[in-house]
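The values are calculated or read from the model by the stated rules, or taken from the named source; none is laboratory data. What you are looking at is a predicted structure, and each value in this text was computed from that prediction instead of being measured. No Cβ is skipped: glycine too gets one built from the backbone with ideal geometry, and neighbour counts run over all protein chains shown. Note: accessible area is taken over every heavy atom of the protein model, side chains too, but ligands, DNA and RNA are not part of it. Shrake-Rupley method; radii C 1.70, N 1.55, O 1.52, S 1.80 Å.
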Amino acid sequence: DLHSFPTRRSSDLLVFVFGADESELNMDVTIPIHTVGYVGNTKELVSLYNLASVMVVPSLTEVFGQTASEALACGIPVVAFRCTGIQEVVDHKLNGYLAEPYESEDLAKGILWCLENNVDNGLGNSGRKKVLQKYTFDAVCRQYKSLYESVI
């Protein structure tokens, strides 16, 4: 519930929504919301991520968490529900916040927690480090190689 942001004035917040247009949104909030639709240009996508203080991925079903890993790669902490594949990407209170499944108030709490606890971008730096260690092309190739060697 975006109305439950007591420590921030709504004029201090700005929300960008990826992958949707305004006709798909049904939000009764006073915070300015801007839809950007699908962003296919990598430079534009990185620029948008780098404008953010926190990335919120409220998906109820998510196999991996591509947008979460992209945000972390840009040094942006991620808030999501602890019920999808995104749990493999986001480490609770290390590079983001994992809210209790389907609890919108806990998701809002996580947004505030990240905004208030990302001192010197510690959460973002931790997320970027994880992505570089686990999700780059070279890192994934090493993981596959190790798996294949263990099977042979």
*asked:* Per 0.36 nm of contour for each residue apart, how much would the distance between residue 94 and residue 43 grow if the chain were fully extended, relative to their Cα-Cα spacing?
replied: 15.7 nm
*Accessible solvent surface per residue of the stretch 69-124, calculated while the other protein chains remain in place, 1.4 angstrom probe, Å²*: 41 Å²
_Residue among 85, 114, 124 farthest towards the positive dipole end of the chain, charges placed on Cβ_ = 124
*Taking the Cα centre of the chain as origin and charging only Cβ (+1 Lys, Arg; -1 Asp, Glu), how large is the dipole, in debye to the nearest 20?*
680 debye
*Carbon and sulfur together cover what percent of the accessible area of the chain at a 1.4 Å probe radius?*
52 percent
*Which of the following values of mean projected area of the Cα convex hull in nm² was calculated from the structure shown: (1) 10.0; (2) 10.8; (3) 12.9?*
(1)
*Which angle from 0 to 90°, rounded to the nearest 10, does the C-alpha axis of helix 42-51 make with the longest principal axis of the chain?*
50 degrees
*If you count, for each residue, the other Cβ atoms within 10 Å and average over each peptide, how do 72-81, 54-63 line up from highest to lowest?*
72-81, 54-63
*Over the stretch 70-115, what lengths in whole Å, largest first, do the semi-axes of the equivalent ellipsoid take, defined as the square roots of 5 times the eigenvalues of the alpha-carbon gyration tensor?*
16, 13, 7
*Would you check the stretch 33-152 for Lys pairs whose C-alpha atoms are within less than 16 Å, ignoring same-chain pairs closer than 8 in sequence, and give me the count?*
4
*For the stretch 85-152, diffusion coefficient by Stokes-Einstein and Kirkwood Rh (Cα), 4 °C, 1.567 mPa s, µm²/s*: 94 µm²/s
